[in-house]
Amino acid sequence: MRIATGSDDRFIHLPQELTATPIPPAQPLLPTSPSSHWTYRLTNDENGIEEVTVLPPRLIEGQTALVLSGKRKGTPDREELFHVTSNEIAQFSAGAAEKVTLKPPMPILRFPLKFDETVSWQGGVSLRGALVPSQSKSRLRCIEKIKVPAGTFTTAYRVDTILETRLTDGLAHFWVTRWFAPGVGVIRTRYLVKAPGQAERVFTKDLLKYKI
(Lines give C-alpha, C1' and ligand atoms only; values in the text may rest on other atoms or scores of the structure.)
Protein backbone atom coordinates (compact mmCIF):
# COMPACT_ATOMS: atom_id res chain seq x y z
CA MET A 1 0.00 0.00 0.00
CA ARG A 2 1.20 3.53 -0.71
CA ILE A 3 -0.05 7.09 -0.47
CA ALA A 4 -1.63 8.40 -3.69
CA THR A 5 0.22 11.54 -4.71
CA GLY A 6 0.54 13.67 -7.81
CA SER A 7 1.65 17.03 -9.13
CA ASP A 8 -1.87 18.44 -8.81
CA ASP A 9 -2.34 17.57 -5.13
CA ARG A 10 -2.33 21.23 -4.14
CA PHE A 11 -5.47 21.75 -6.24
CA ILE A 12 -7.44 18.86 -4.75
CA HIS A 13 -8.92 19.93 -1.42
CA LEU A 14 -9.38 16.36 -0.23
CA PRO A 15 -7.49 14.20 2.30
CA GLN A 16 -4.81 11.82 1.10
CA GLU A 17 -5.93 8.22 0.80
CA LEU A 18 -4.32 4.86 0.27
CA THR A 19 -4.34 3.19 -3.10
CA ALA A 20 -5.30 -0.43 -3.59
CA THR A 21 -4.20 -3.01 -6.13
CA PRO A 22 -5.52 -1.84 -9.51
CA ILE A 23 -8.24 -4.34 -10.34
CA PRO A 24 -9.77 -3.90 -13.83
CA PRO A 25 -13.54 -3.40 -13.57
CA ALA A 26 -15.52 -6.51 -14.46
CA GLN A 27 -18.37 -4.37 -15.84
CA PRO A 28 -18.57 -0.94 -17.51
CA LEU A 29 -17.92 2.03 -15.23
CA LEU A 30 -20.52 4.07 -17.12
CA PRO A 31 -23.40 1.94 -18.44
CA THR A 32 -24.95 3.12 -21.69
CA SER A 33 -28.18 1.12 -21.79
CA PRO A 34 -31.21 3.23 -22.84
CA SER A 35 -33.14 1.71 -19.92
CA SER A 36 -30.66 2.92 -17.31
CA HIS A 37 -32.02 5.27 -14.67
CA TRP A 38 -30.42 6.90 -11.64
CA THR A 39 -31.89 8.99 -8.81
CA TYR A 40 -29.56 11.29 -6.85
CA ARG A 41 -29.87 13.37 -3.72
CA LEU A 42 -28.36 16.82 -4.22
CA THR A 43 -26.66 18.75 -1.44
CA ASN A 44 -25.95 22.39 -2.22
CA ASP A 45 -27.72 25.72 -1.98
CA GLU A 46 -30.70 24.19 -3.81
CA ASN A 47 -31.12 20.81 -2.15
CA GLY A 48 -33.33 18.41 -4.06
CA ILE A 49 -33.64 15.24 -6.09
CA GLU A 50 -32.30 14.68 -9.59
CA GLU A 51 -33.57 11.99 -11.94
CA VAL A 52 -31.06 10.98 -14.64
CA THR A 53 -31.93 8.96 -17.74
CA VAL A 54 -30.18 7.98 -20.96
CA LEU A 55 -31.39 9.79 -24.08
CA PRO A 56 -30.78 8.61 -27.66
CA PRO A 57 -27.10 9.05 -28.57
CA ARG A 58 -25.97 12.08 -30.55
CA LEU A 59 -23.31 12.32 -33.21
CA ILE A 60 -20.82 15.09 -32.44
CA GLU A 61 -18.09 15.72 -35.00
CA GLY A 62 -18.16 12.08 -36.06
CA GLN A 63 -18.15 10.68 -32.52
CA THR A 64 -21.09 9.08 -30.72
CA ALA A 65 -22.04 10.82 -27.48
CA LEU A 66 -23.76 9.19 -24.51
CA VAL A 67 -26.43 11.67 -23.35
CA LEU A 68 -27.35 11.74 -19.66
CA SER A 69 -30.38 13.93 -19.03
CA GLY A 70 -31.09 15.22 -15.52
CA LYS A 71 -34.50 16.36 -14.30
CA ARG A 72 -35.56 18.15 -11.13
CA LYS A 73 -39.24 18.21 -10.18
CA GLY A 74 -40.02 16.62 -13.55
CA THR A 75 -38.39 19.43 -15.55
CA PRO A 76 -35.23 18.87 -17.62
CA ASP A 77 -32.47 20.67 -15.73
CA ARG A 78 -29.10 19.75 -17.20
CA GLU A 79 -27.28 17.34 -19.51
CA GLU A 80 -23.92 15.65 -19.52
CA LEU A 81 -22.51 14.20 -22.74
CA PHE A 82 -19.73 11.59 -22.70
CA HIS A 83 -17.73 9.64 -25.25
CA VAL A 84 -17.47 6.09 -23.92
CA THR A 85 -15.20 3.56 -25.65
CA SER A 86 -12.97 0.64 -24.70
CA ASN A 87 -10.08 3.13 -24.63
CA GLU A 88 -11.45 6.01 -22.60
CA ILE A 89 -14.27 7.96 -21.00
CA ALA A 90 -14.23 11.57 -22.20
CA GLN A 91 -16.63 14.46 -21.65
CA PHE A 92 -18.19 16.49 -24.46
CA SER A 93 -20.27 18.94 -22.44
CA ALA A 94 -22.21 19.61 -19.25
CA GLY A 95 -24.69 22.13 -17.92
CA ALA A 96 -28.14 23.51 -18.39
CA ALA A 97 -28.98 26.90 -19.90
CA GLU A 98 -25.30 27.89 -19.72
CA LYS A 99 -23.88 24.70 -21.19
CA VAL A 100 -20.13 24.22 -21.11
CA THR A 101 -18.76 22.49 -24.21
CA LEU A 102 -15.24 21.05 -24.20
CA LYS A 103 -13.31 21.14 -27.48
CA PRO A 104 -11.85 18.62 -28.10
CA PRO A 105 -13.63 16.25 -25.67
CA MET A 106 -11.88 16.15 -22.29
CA PRO A 107 -10.63 12.68 -21.27
CA ILE A 108 -11.43 11.62 -17.70
CA LEU A 109 -10.22 8.01 -17.73
CA ARG A 110 -8.06 5.99 -20.06
CA PHE A 111 -7.87 2.20 -20.23
CA PRO A 112 -6.13 0.09 -19.09
CA LEU A 113 -6.49 1.89 -15.79
CA LYS A 114 -3.44 2.96 -13.81
CA PHE A 115 -3.39 4.58 -10.40
CA ASP A 116 -2.05 8.15 -10.21
CA GLU A 117 -1.40 8.36 -13.94
CA THR A 118 -2.19 11.93 -14.98
CA VAL A 119 -4.51 12.25 -17.97
CA SER A 120 -3.82 15.76 -19.29
CA TRP A 121 -5.94 17.84 -21.66
CA GLN A 122 -5.60 21.21 -23.31
CA GLY A 123 -8.26 22.85 -25.42
CA GLY A 124 -11.09 25.31 -25.23
CA VAL A 125 -14.25 25.66 -23.20
CA SER A 126 -17.15 27.11 -25.16
CA LEU A 127 -19.02 29.30 -22.69
CA ARG A 128 -21.55 32.03 -23.51
CA GLY A 129 -20.54 31.99 -27.16
CA ALA A 130 -16.81 32.34 -26.55
CA LEU A 131 -14.07 29.70 -26.71
CA VAL A 132 -11.94 30.10 -23.59
CA PRO A 133 -8.43 28.55 -23.31
CA SER A 134 -8.53 25.74 -20.75
CA GLN A 135 -6.60 22.77 -19.42
CA SER A 136 -7.34 19.85 -17.15
CA LYS A 137 -5.78 16.96 -15.29
CA SER A 138 -7.58 13.78 -14.30
CA ARG A 139 -6.41 10.68 -12.50
CA LEU A 140 -7.67 7.49 -10.96
CA ARG A 141 -6.89 8.13 -7.30
CA CYS A 142 -7.85 4.87 -5.62
CA ILE A 143 -10.49 2.18 -5.18
CA GLU A 144 -12.69 2.80 -2.15
CA LYS A 145 -15.59 1.35 -0.25
CA ILE A 146 -18.36 3.95 -0.49
CA LYS A 147 -21.69 4.06 1.30
CA VAL A 148 -24.52 6.05 -0.27
CA PRO A 149 -28.31 5.84 0.27
CA ALA A 150 -28.54 3.29 -2.59
CA GLY A 151 -26.24 0.91 -0.69
CA THR A 152 -22.63 0.14 0.10
CA PHE A 153 -20.30 -0.37 -2.86
CA THR A 154 -17.07 -2.15 -2.00
CA THR A 155 -15.38 -1.30 -5.30
CA ALA A 156 -15.78 2.36 -6.20
CA TYR A 157 -13.22 3.87 -8.59
CA ARG A 158 -12.45 7.40 -7.46
CA VAL A 159 -11.46 9.81 -10.24
CA ASP A 160 -10.28 13.36 -9.50
CA THR A 161 -10.48 16.01 -12.20
CA ILE A 162 -9.45 19.66 -12.13
CA LEU A 163 -10.40 21.98 -14.97
CA GLU A 164 -8.73 25.39 -15.19
CA THR A 165 -10.34 28.01 -17.41
CA ARG A 166 -8.88 31.44 -18.17
CA LEU A 167 -11.64 34.05 -17.94
CA THR A 168 -11.29 37.77 -18.64
CA ASP A 169 -11.14 38.55 -14.91
CA GLY A 170 -8.85 35.68 -13.91
CA LEU A 171 -8.61 31.90 -13.60
CA ALA A 172 -11.61 29.76 -12.70
CA HIS A 173 -11.08 26.29 -11.24
CA PHE A 174 -13.56 23.42 -11.28
CA TRP A 175 -12.78 20.35 -9.21
CA VAL A 176 -14.86 17.21 -9.77
CA THR A 177 -14.46 13.93 -7.94
CA ARG A 178 -16.51 11.03 -9.27
CA TRP A 179 -16.90 7.57 -7.78
CA PHE A 180 -17.73 4.94 -10.43
CA ALA A 181 -19.15 1.55 -9.41
CA PRO A 182 -18.76 -1.16 -12.10
CA GLY A 183 -22.07 -2.01 -13.72
CA VAL A 184 -23.83 0.85 -11.90
CA GLY A 185 -22.20 4.11 -12.95
CA VAL A 186 -21.52 7.22 -10.89
CA ILE A 187 -22.62 6.68 -7.30
CA ARG A 188 -21.25 9.90 -5.84
CA THR A 189 -20.04 13.20 -7.30
CA ARG A 190 -18.45 16.10 -5.48
CA TYR A 191 -17.97 19.48 -7.18
CA LEU A 192 -15.93 22.41 -5.94
CA VAL A 193 -16.07 25.65 -7.91
CA LYS A 194 -13.81 28.66 -7.46
CA ALA A 195 -14.38 31.60 -9.79
CA PRO A 196 -12.74 35.04 -9.68
CA GLY A 197 -14.35 37.28 -7.08
CA GLN A 198 -16.55 34.49 -5.69
CA ALA A 199 -16.40 32.27 -2.65
CA GLU A 200 -15.77 28.55 -3.11
CA ARG A 201 -18.94 26.56 -3.70
CA VAL A 202 -19.32 22.86 -2.96
CA PHE A 203 -21.99 20.57 -4.45
CA THR A 204 -22.51 16.85 -3.89
CA LYS A 205 -24.68 14.17 -5.48
CA ASP A 206 -25.32 10.81 -3.79
CA LEU A 207 -27.09 7.89 -5.45
CA LEU A 208 -30.51 7.11 -3.94
CA LYS A 209 -31.61 4.32 -6.29
CA TYR A 210 -30.92 3.01 -9.76
CA LYS A 211 -32.04 0.67 -12.52
CA ILE A 212 -29.60 -0.61 -15.12
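Scanning the stretch 88-120 for residues that are β-branched (Val, Ile, Thr) and open to solvent by 30 Å² or more (accessible area, probe 1.4 Å) returns Val100, Thr101, Thr118.
Hey, any hits in the stretch 121-131 for a residue that's open to solvent by 50 Å² or more (accessible area, probe 1.4 Å), more than 30 Å from Arg72 (Cα to Cα) and either out of contact with any His (no Cβ under 6 Å at 6 or more places or on another chain) or among the aliphatic types (A, V, I, L, M) (or both)? So far as the stretch 121-131 goes, yes, one or more of its residues are open to solvent by 50 Å² or more (accessible area, probe 1.4 Å), more than 30 Å from Arg72 (Cα to Cα) and either out of contact with any His (no Cβ under 6 Å at 6 or more places or on another chain) or among the aliphatic types (A, V, I, L, M) (or both). Inspection of the stretch 91-103 identifies no residue that is over 28 Å from Asn47 (Cα atoms) and touching a residue at least 40 places away in the same chain (Cβ under 8 Å).
Just to be sure, is Leu81 under 21 Å from Ser36 (Cβ atoms), open to solvent by less than 60 Å² (accessible area, probe 1.4 Å) and not small (Gly, Ala, Ser)? Before you say what the answer is, go through the steps one by one.
Details: under 21 Å from Ser36 (Cβ atoms): yes; open to solvent by less than 60 Å² (accessible area, probe 1.4 Å): yes; not small (Gly, Ala, Ser): yes.
Spelling it out, Leu81 is indeed under 21 Å from Ser36 (Cβ atoms), open to solvent by less than 60 Å² (accessible area, probe 1.4 Å) and not small (Gly, Ala, Ser).
Scanning the stretch 152-183 for residues being open to solvent by 10 Å² or more (accessible area, probe 1.4 Å), touching a residue at least 24 places away in the same chain (Cβ under 8 Å) and out of contact with any Asp or Glu (no Cβ under 8 Å at 6 or more places or on another chain) gives a total of 11. Out of all the residues in the stretch 69-84, which are over 16 Å from the mean Cα position of the chain (by Cα) and either at pLDDT 95 or above or farther than 12 Å from Val54 by Cα (or both)? Within the stretch 69-84, Arg72, Lys73, Gly74, Thr75, Pro76, Asp77 meet the criteria. Which of the residues belonging to the stretch 195-212 are in a strand (DSSP E or B) and open to solvent by 60 Å² or more (accessible area, probe 1.4 Å)? Selection gives Arg201, Val202, Lys209, Tyr210, Lys211.
Filtering the stretch 44-68 to residues that are more than 22 Å from Gln91 (Cβ to Cβ) and open to solvent by less than 80 Å² (accessible area, probe 1.4 Å) leaves Gly48, Ile49.
The values are calculated or read from the model by the stated rules, or taken from the named source; none is laboratory data. What you see is a predicted model, and the numbers here were worked out from it, not measured in a lab. Ideal geometry is used to build each Cβ from the backbone, glycine not excepted, and the neighbour counts take in all protein chains shown. These area figures cover heavy atoms from the full protein model, side chains too; ligands, DNA and RNA do not enter into them. Shrake-Rupley method; radii C 1.70, N 1.55, O 1.52, S 1.80 Å.
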